[in-house]
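The values are calculated or read from the model by the stated rules, or taken from the named source; none is laboratory data. What you are looking at is a predicted structure, and each value in this text was computed from that prediction instead of being measured. No Cβ is skipped: glycine too gets one built from the backbone with ideal geometry, and neighbour counts run over all protein chains shown. Protein only, heavy atoms only, side chains kept; ligands, DNA and RNA dropped before computing areas. Shrake-Rupley method; radii C 1.70, N 1.55, O 1.52, S 1.80 Å.
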Amino acid sequence: HIMVHADGGLYKLSASQILFVESERHNVHFYTTTGKVTSRMNMHEVEELLRGFGFYRCGKGFIINLDKIDSFSDGICRIGSYNVPVSRAKKKEFISPNFLLLICTPCTNHRPIRGSRGQAQSERILIY
């Protein structure tokens, strides 16, 4: 769980219920399975909160929960009823075989994939 200040209070959000996070001006919106929570934070703070929970920054304004992706096509991640854009800079990384294997394989610790000789093959893929 993570704790988020919003609407004058403190909210406890389960990382597994967060679909994605969107930044808008000086706010971030946590889209969850039960609704939306808006907090006055920046994306770097959100990245730190979500580190180790299997999230990926797919562009300047979005962080997605890798376990919640339903499909990916033409630079758009489909997560439930939402379409989340993947930036052009991240698209190549996102569709790479190592990354696809990483998000399609059940993994609780999201370590880099290891090659046959033990060297990390996906070191530049940052999973939060």
Selection from region 4-39 of residues that are at pLDDT below 90 and assigned to a strand (DSSP E or B): HIS5, ALA6, GLY9, TYR11
Pairs only if they're at least six apart or on different chains, beta carbon under 6 angstrom, first in region 63-77 and on the phi < 0 side of the Ramachandran plot, second in a strand (DSSP E or B) and open to solvent by 60 Å² or more (accessible area, probe 1.4 Å); list them, first residue then second. ASP70/ARG78; SER71/ARG78; ILE76/ASN83
Scan (1) out of contact with any Leu (no Cβ under 6 Å at 6 or more places or on another chain); (2) surrounded by 12 or more Cβ atoms within 10 Å (Cβ to Cβ); (3) small (Gly, Ala, Ser) for the single condition GLY9 breaks and write down its number. (2)
Would you mind listing the helices (runs of 4 or more DSSP H) fully within region 40-128 where at least 2 residues are at pLDDT below 85? 88-94, 97-104
How many residues does region 25-41 hold that are open to solvent by 70 Å² or more (accessible area, probe 1.4 Å) and farther than 19 Å from CYS77 by Cα? 4
